[in-house]
């Protein structure tokens, strides 16, 4: 039952795959993209970036005003039949599956950032202490190069006062998108983070390495040496990663 | 042998299931509830909230003066045949299985807190340092919202002087229940914690996130920034979670 | 080849099992004891108390001047055929398997401590920083009650000057046994620890909880509250554990 | 496709195995060496020393001016068919597989260090904070004895100014080899480490224990006792390890 309602949507997408395939050799078919989105969900869960909560979406390459996101459910359990297409107002374009309360994070970032193709929202445990302690994340190594852009902190209280902490409306999604600005990631105080990239493979890796970098930075601070040397801003700009090897590695580690 | 004596009790409960099922659509049958209690035991072990020690119970929905708890044994190995029914004096209502020495934790909390449906006692490792260091737990993120109520610390020495640290009598159970008061959780100095909720699914999640929140708070303190921002008390009140996605996720991760 | 030479010894032990079994209902047969020793090796490896190095032994219940210990090899790979019988000079009583360089730890402790039935030597990672930083281990919770006796630190340099750090002679084993005195455990500076108990089940659990307690103490210190409250010495004396539930739990977690 | 191109090279090596086998009983055949190199890749991934990135190589025992290294790919997925032979300029001696960008680390170290038979490059997480915080690694226990030689830190900025942090040219490889000098390991600021040894088994263990030692040292520092006692330099020289038991243990833990 949990997996059946959205199946209609997924089948419809699959039917549209043929025309997509003829667009460009670099554009994946819809089905390949949905399959990758399922893998992205499962990698994030298997590598501990998300637990029962958190979500990942990808923009529809055939229509930049649409994006794909699972209906509400634990990322580890997402299947292709659970994927729903949304418009930028985060309204499902068909079917009636229950969506994530915070799907507006995705819609409003896709609206504000035409360069963004994929979005992760996670309760990434290693970054939450940084937002709480007001210690800015800094790039510890080349795998976390994008942290060199800076990682702004979104405090929902500044936008909406006392809330349940959830980005559950378009207005809150817009406020988060404004804080994110042109960065790769923003922390959410008392909540987690949002990470964006120009592909599913890269957004998964950025979410993963955002966490790893936070752990390294915390360790470096606690060693209490004579200050911590971070990547120089220009080093960070040059150390761009495709992370393609990570994707293959993480995919090979999925159960079954 | 280990699994056979309580089987009589479980079978008797099962026989009573038919009448229970007719009470209300929202009330699970006894068998479904016992199955859920087994799953709760196994999730707590599989997610590292308990090890060979610790226990979880649920109130009998058909009789608020009774509760279900496994007989003495490691939570990871509990089966439906191990479940025993106790009265609020923590005396088994039938059979002769060896009970947990500390079952009085459960009985006395059910007596003092009519709103409580499920109880976890754990040696949750991440909270023990907080009780020892007298650092109050504070809510680090919305998943630990209930910590905003405050988490009192029970010191058995205040009630009973020098002991073996175990809550092994009704009187000690009552003292612990008094310290718990109306809160969701209390730490036990030099021992662990007790967590309560209005359902098995929620009590498992609260025990899990009590630990996670402790880890995050410890990290935040060690970052030594300009103070730590916790959830505002009103935010914590609003950020109530059902954690239902966690239960599905954790259940899917159980061995076999 | 690795597993064949000691098989002769194991078979001889098995042949002697019949008379042992008639001694007392509480005394396990030799074969049951050797099987338990194999399980102890595997639990220690599976729970991370030892890695490729470390060893566990048990005194021969039929002859207090003999003990059983695997020949040199990784604990995770030990089988019954690898078990060798040693005298208290740590000479094999038969066969010609290569023994652990540090088997003298076991022989000299059995000689000095008639009350000891089982010995673990481990490079237990969580205790090594305590010996190095000269911070005494203290009992953080009832599962680590035996730490209340105090955990002395053996510095091999005090006995033998500059060495390869290994307790590889009877004289060094005697020095370590003197430092251990009547305690349950001693740390070995720059090396690891030794843990003793009156049974295999208890020695495995004490080695495990020695580590857990160290981790909790480290965390408590790092929280920098108003001092750390440890178990009161009299509480520690009363909080004796059999840990029997741990054994069943850990055994159930072994691969295959 | 990913695994097919280098197969030609591997087959050629295999064909040459017969003559190699007749050299000396101590020299493994080429095929045995390549198989060991595959195992080394997989152990490093399985034990968390490398993730999707990092690499391990071994010198060709039949020609000291050649070494074997997988073509570009995640270590966990390397098979014998992925192994490529390189000369000391890090040019493949046959075939056309895409090599690791940083293979010059290996070639230049083999050129500068005739005593070195195997090289690991890793983003070993536990050592990165030490290079960043400028806290020198020190030997915490006998398993990390080689740290007593000192672990120099390579800062690519000193050699080449602002870069993408990668050792992607012969000149950079030479600079790293100069920093390494005669040591067993060097840290790479903002990047990871390089570890060398006279065999594959030992280089894997040194990379592993370099990390473990870093973790122990970090813990010891954070305990804030009265200073940390490290291995005495002469103790460190004496405590040489073959780590052979580690190899057997880690190999037994590989998936499947």
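Side notes on the structure shown:
- With a simple spin-label model that places each label point 7 Å from the Cα along the Cα-to-Cβ direction, the separation between residue C:134 and residue D:224 comes to 1.8 nm.
- Of all chain D residues, the one whose Cβ lies closest to the rotation axis that maps D onto B, given with that distance rounded to whole Å, is D:222, 4.
- Mean partner shielding of peptide B:246-252, defined as the number of other chain Cβ atoms within 10 Å of each residue Cβ, is 5.
- The Cα atoms of region C:69-130 give a gyration tensor whose axes a ≥ b ≥ c have a/c of 1.5 or more with a/b no greater than b/c, which makes the shape oblate.
- Paramagnetic reach from residue C:96 (point 7 Å along Cα→Cβ, amide N under 19 Å) across region C:58-72: C:71-72
- Cα gyration tensor, the protein assembly as shown - rounded (a/c under 1.5), prolate or oblate: oblate
- Of D:32, D:45, D:118, the residue with the greatest mean-square motion in the GNM of chain D, using alpha carbon springs below 10 Å, is D:32.
- When each of B:195, C:127 is scored by the number of other beta-carbon atoms lying within 10 Å, the sequence from fewest to most is C:127, B:195.
- Grouping the Cα pair distances of chain D into 10 Å bins from zero gives a pair-distance distribution of 7, 32, 36, 19, 5, 1, 0 percent in increasing distance order.
- Other-copy label distances relative to residue A:227, 7 angstrom Cα-Cβ extension, nm: 2.8, 2.8, 3.9
- Note on the protein assembly as shown: antiparallel DSSP beta bridges, both residues inside, total approximately 90 percent of the bridges counted.
- When both bridge partners sit in chain B, DSSP labels roughly 90% of those beta bridges antiparallel.
- Packing-based exposure ordering (other Cβ within 10 Å, fewest first) of C:206, B:237: B:237, C:206
- When region A:175-256 is reduced to its Cα atoms, the Kirkwood hydrodynamic radius in Å: 14.9
- Max mean-square fluctuation residue, GNM over chain B, Cα-Cα springs under 10 Å, options B:41, B:211, B:232: B:232
- Global form of region B:115-256, assessed from the alpha-carbon gyration tensor, a/c cut-off 1.5: oblate
- Cα-based equivalent ellipsoid of region D:137-220: semi-axis lengths in Å, sorted from largest, via gyration tensor: 24, 14, 10
- 222 nm mean residue ellipticity, helices alone, for chain A (DSSP H n ≥ 4; -39,500 (n - 2.57); rounded to 500): -11500 deg cm²/dmol
- Put in line by how crowded their Cβ is, counting other Cβ atoms within 10 Å and starting with the fewest, D:69, D:223, C:125 read D:223, C:125, D:69.
- Highest-MSF residue in chain B out of B:139, B:64, B:75 [GNM, Cα springs under 10 Å]: B:64
Here, each number is a calculation from the coordinates, and none is a lab measurement. What you are looking at is a predicted structure, and each value in this text was computed from that prediction instead of being measured. Neighbour counts are summed over all protein chains in view; Cβ atoms, including those assigned to glycine, are modelled from backbone coordinates with ideal geometry.
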